[in-house]
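Q: Please read through the structure below; I'll follow up with questions.
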Amino acid sequence: MTRKQPIHLEDRKMRGARLYSPTAGRNKAPLAQALSLYMPHKASVLEIASGTGEQAAHICQRCRDVTWQPSDPDAESRASQNGWALDTEGAMLPSLNINVLMPLAEELHGKFDALFCSNMIHIAPKASVAGLAAVASAALKSGGEVFLYGPFLFGDDSAPSNVAFADRLKLRDPDWGVRELDLVKHIFGNAGLNYAGVTAMPANNHLVRFQKI
Ligand SMILES: C[S@@+](CC[C@H](N)C(=O)[O-])C[C@H]1O[C@@H](n2cnc3c(N)ncnc32)[C@H](O)[C@@H]1O
């Protein structure tokens, strides 16, 4: 039987159930620092596409009063997230199987103060942007916040490294690609999520914020 192609696109390593990715290892400290400035107090956070879970565990250690619901459609990633959760004194809950190309389970509607998603929409079909917006709109309470992290294109002002990355992704799958921030804003706006600002992060990544009306 052929193994389904993994959808994480990272050079992962494994110890026990815990997976390590160099990207998540590099991003976790600046991300936790930036999120700590914006995360509402005692927030209940849904993370989409939690990957290895290492980043989530680090954020929980930095933002000590959050309750963090990790998720991923990939079973191996969910097992890894549950492994990393052991370091978080109960802040990280058992991971859920959430795929943004499917409707969000009814019991999760209106439950969360914030939604976080990093490095997913460029390595998933373009429909994942609208899927993520629909999941965020359904999952968040009114006034809830979205934090979206990763590479984005800014029209003619795009970082050359992100333009080159977009080209490499498209060779792999024409439906993948670094997304234009203006397009993401438009799609999220249509889902009732107002653009709230953007923060430049290391290595030409950005943390983009939206708020549910
Ligand atoms: C590059 S990894 C990023 C993991 C983590 N967020 C990070 O920044 O280290 C991309 C993740 O997106 C998940 N993913 C891919 N397609 C998805 C979808 N349709 N819905 C939700 N997650 C998806 C993959 O399983 C994988 O864990």
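Q: When the residues of the stretch 43-88 are filtered to those that are in a loop (DSSP other than H, G, I, E, B) and more than 14 Å from the ligand (Cβ to nearest atom), which remaining residue is surrounded by the most Cβ atoms within 10 Å (Cβ to Cβ)?
A: Top of the filtered list is Val66.
Q: Let me ask you something else. If you go through the stretch 129-172 one residue at a time, how many are within 12 Å of Ala191 (Cβ to Cβ) and either more than 11 Å from the ligand (Cβ to nearest atom) or touching a helix residue (DSSP H, G or I) at 6+ places or on another chain (Cβ under 8 Å) (or both)?
A: 10
Q: Give me the residue from the stretch 89-106 that is among the hydrophobic types (A, V, I, L, M, F, W, C) and more than 9 Å from the ligand (Cβ to nearest atom) and, out of that set, farthest from Ser118 (Cα to Cα).
A: Ala105
Q: From the list Lys141, Lys185, which one is touching a strand residue (DSSP E or B) at 6+ places or on another chain (Cβ under 9 Å), open to solvent by 50 Å² or more (accessible area, probe 1.4 Å) and touching a residue at least 60 places away in the same chain (Cβ under 8 Å)?
A: Result: Lys141 is the single residue among Lys141, Lys185 that is touching a strand residue (DSSP E or B) at 6+ places or on another chain (Cβ under 9 Å), open to solvent by 50 Å² or more (accessible area, probe 1.4 Å) and touching a residue at least 60 places away in the same chain (Cβ under 8 Å).
Q: Which of the residues belonging to the stretch 107-128 are surrounded by fewer than 19 Cβ atoms within 10 Å (Cβ to Cβ) and either basic (Lys, Arg) or within 14 Å of the ligand (Cβ to nearest atom) (or both)?
A: Listed by number, the residues that qualify are Leu108, Lys111, Pro125, Lys126, Ala127.
Q: Given the conditions (1) outside any strand (DSSP E or B); (2) more than 14 Å from the ligand (Cβ to nearest atom); (3) surrounded by fewer than 16 Cβ atoms within 10 Å (Cβ to Cβ), report the number of the one that Asp175 does not fulfil.
A: So Asp175 meets the others, but not (2).
Q: Turning to a different aspect of this structure: Just to be sure, is Met102 at pLDDT 95 or above, surrounded by fewer than 20 Cβ atoms within 10 Å (Cβ to Cβ), on the phi < 0 side of the Ramachandran plot and not basic (Lys, Arg)?
A: yes
The values are calculated or read from the model by the stated rules, or taken from the named source; none is laboratory data. Owing to the predicted nature of the structure, the values given are computational and were not obtained by experimental measurement. Methodologically, a virtual Cβ is constructed for each residue, glycine included, from the backbone with ideal geometry; neighbour enumeration extends over all protein chains shown. Please note that ligands, DNA and RNA were not included when accessible areas were found on the heavy atoms of the full protein model with its side chains. Shrake-Rupley method; radii C 1.70, N 1.55, O 1.52, S 1.80 Å.
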